[in-house]
Structures are given as structure tokens and as C-alpha cells.
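K.L.:
Pasting a structure here, questions to come.
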Amino acid sequence: MKKGIITFTSFLLISFASFLLLVSCKSNYLNSNKSPVLLDITKEKDSSAFVNLRNYSSDFVFDMKYATADNFLNKKVYPCDECFLRVKTVKALLEANKSFIEKGFKIKLYDCYRPRAIQKKMWKIVPDANFVANPKIGSIHNRGGAVDISLVDSVGNELNMGTKFDFFGKEASHNFLELSEEILKNRKLLKDIMLQHNFKSFDTEWWHYNLNGSNKDEVSNQKWRCLD
């Protein structure tokens, strides 16, 4: 009888441990399913939680470069073209986009959150800290607080920013002023409004913006499940 009790108890313990492992595995994944109805970001209480931007607005243009081979790596490294960010980053980005929309523009997104595993993959392809952040240190992209963006006008035409996204030359810098008046005006518009909404620019890349304080967040390796 005691043997039976011990066996049953062991079964319960193993079952419970398996359940915890399953929950733990699931929690390491972000669901890419889009809500049929847009959600209200103000109802999200955990500012550090990761959420899918598409669930909270239809007013962005998505061109997620690393979900294609159209990038400086010349290789697809994302499983699908999702834009996950921390709640606090999404809140600030939504407000910034409202300001752009009032002026007749919208944010176009090239990159958002990037799991550390993908950062390692990118580092393996291009192990150069001038182009790719070392995964041992991690970037703000790995912390869910960075976005790579541009602007489009009311009919979807991308504004001329002087270089393509991920152009690694001096012409991509905010400090490079040997550009046309139109380009300088477009970059200034992007930078001014992003800075007004708690983002910080990155000197050498006109497209890169970090949410202030995001460097204090931990590097994350959450992955997203893609729709079939």
C-alpha cells in the first residue's frame, strides 16, 4: 500500500514538473496572432511586457527587412514580419505616430524587437561591431526599446532620407549636412517628433531610435510564433 502511495505521489510530482516546464516554454514565445479588433494599449498594465504593435494600430506601414533577404546581410533571419516591442515603447510610438499623422505622414517600420538568438545569428554572418551589435553585450533592439523607422506621405511614398536603411556610410549620420534641403528637412521632421515623444536618436543612423531608459531593461531572448 505504501509503495502504491509513493508511486502515485511520484506521478503527481512528475506531472506537476512537466506542467511547469510546459508553461515555462510557452512563456518564452510571443504569439504573432493579430487581434480581429484593435486593442487599447492603455489597458496594458505591465509596461515591460512584450506586445505585437499590429494589435494596437493599423496606422503604421510595415517593411520588416530582416524577414526578407532585402537587407545588408542578404539573408532572411526573422521567421516572419512581426513587430514586437515592450508596452512602454508601443505607447510612445503610438503617440509619435499620431503627431506624424496630424502632419500628413505615417511611420514606416523596418525593425523592432530582436531576440538575442537572432542577434547571434546576425553576428555569425557579420562579426563586426561597426555593423552588428555583439550579442554578448546586446543592443536596445534586444531589449524591446528600439525601432528602425522612416516616414511615408499620405499616399504611401517614402520620404527621401538621403540613404537607404542600413546604409553604413557617413551620409547616414545626423551630423552629415552635405545633403539637399529636402533631405535635411525630412530627417529633421523625423527626429524632432521622435525626440518629443521620449525617444533618443542614434547619431550614425538616421533611422534608429531608442526609447529613453531602455538600456536599463534586460536583453531578452523571447521568440515569436508565426502564423502558418
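Every number here is computed from the coordinates shown, using simple stated rules; none is lab data. Remember, predicted model here, so these are calculated numbers, not experimental data. We place every Cβ from the backbone using ideal geometry, glycine too, and count neighbours over all the protein chains shown.
K.L.:
Taking a cut-off of 18 Å, what percent of all Cα-Cα pairs in region 23-145 are separated by more than that?
P.N.:
I get 57 percent for the Cα pairs in region 23-145 exceeding 18 Å.
K.L.:
Mind putting together the pair-distance distribution for the chain? All Cα pairs, 5 Å bins, whole percent per bin, short to long.
P.N.:
For the chain, the pair-distance distribution reads 1, 6, 12, 17, 18, 15, 10, 6, 3, 3, 2, 2, 1, 1, 1, 0, 0, 0.
K.L.:
So what are the ³J(HN,Hα) numbers for region 156-164, from phi and the Karplus equation (6.51, -1.76, 1.60; θ = phi - 60°), rounded to whole Hz, Gly and Pro as x?
P.N.:
x, 7, 6, 5, 6, 9, x, 9, 6
K.L.:
As I understand it, the value is the acute angle between the Cα axis of helix 181-196 and the longest principal axis of the Cα atoms of the chain; what does it come to in degrees, rounded to 10?
P.N.:
40 degrees
K.L.:
What residues from region 127-154 fall in the zone where the backbone N is under 13 Å from a label point 7 Å along the Cα-to-C-beta line of T204?
P.N.:
From region 127-154, the list is 128-134.
K.L.:
Extension gain L38-I125, at 0.36 nm per residue separation less the Cα-Cα distance, in nm? Write down the numbers at each step before the final one.
P.N.:
Details: separation 87, 0.36 × 87 = 31.32 nm, distance 3.72 nm.
Extending this stretch completely gives an extra 27.6 nm.
K.L.:
Quick one: net charge of F165's neighbours, Cβ under 12 Å, K/R +1, D/E -1?
P.N.:
Neighbour charge sum, excluding F165 itself: -4.
K.L.:
Compute the projected area of the convex hull of the Cα atoms of region 91-177, averaged over all viewing directions, and report it in nm² to one decimal place.
P.N.:
Average projection, Cα convex hull of region 91-177: 6.8 nm².
K.L.:
Let me ask something else about it. Calculate the spin-label point distance for K170 paired with D59, positioning each point 7 Å from the Cα along the beta-carbon direction, and give it in nanometres.
P.N.:
Here the modelled spin labels are 3.9 nm apart.
K.L.:
Going through region 138-187, which GluC sites (Glu not before Pro) have at most 10 other Cβ atoms within 10 Å and a DSSP loop state?
P.N.:
Working: sites: E158, E171, E178, E181, E182; in loops: E178.
Hits after loop and neighbour filter: E178.
K.L.:
Taking the Cα atoms only, what angle lies between the long axis of helix 116-125 and the longest principal axis of the chain, rounded to 10 degrees?
P.N.:
Computed tilt is about 60 degrees.
K.L.:
On to the next question. Please compare each pair in K98/K170; K136/K185; K65/K136 to a cut-off of 27 Å on the Cα-Cα distance and tell me which ones are over it.
P.N.:
Beyond 27 Å: K98/K170; K136/K185.
K.L.:
Kirkwood Rh, region 179-225, all Cα pairs: how many Å?
P.N.:
12.6 Å
K.L.:
Eigenvalues of the Cα gyration tensor times 5, then square-rooted: what semi-axes does that give for region 56-105, in whole angstrom, largest first?
P.N.:
Numbers: eigenvalues 129, 37, 14 Å².
Ellipsoid semi-axes (Å, largest first): 25, 14, 8.
K.L.:
Using θ = phi - 60° and the Karplus form 6.51 cos²θ - 1.76 cosθ + 1.60, what ³J(HN,Hα) does each residue of region 90-98 get, whole Hz, x for Gly and Pro?
P.N.:
4, 4, 5, 5, 4, 5, 4, 5, 4
K.L.:
Restricting to bridges with both residues inside the chain, how much of the DSSP beta-bridge set is antiparallel, in percent to the nearest 5?
P.N.:
Working: 16 of 21 bridges.
Close to 75 percent.
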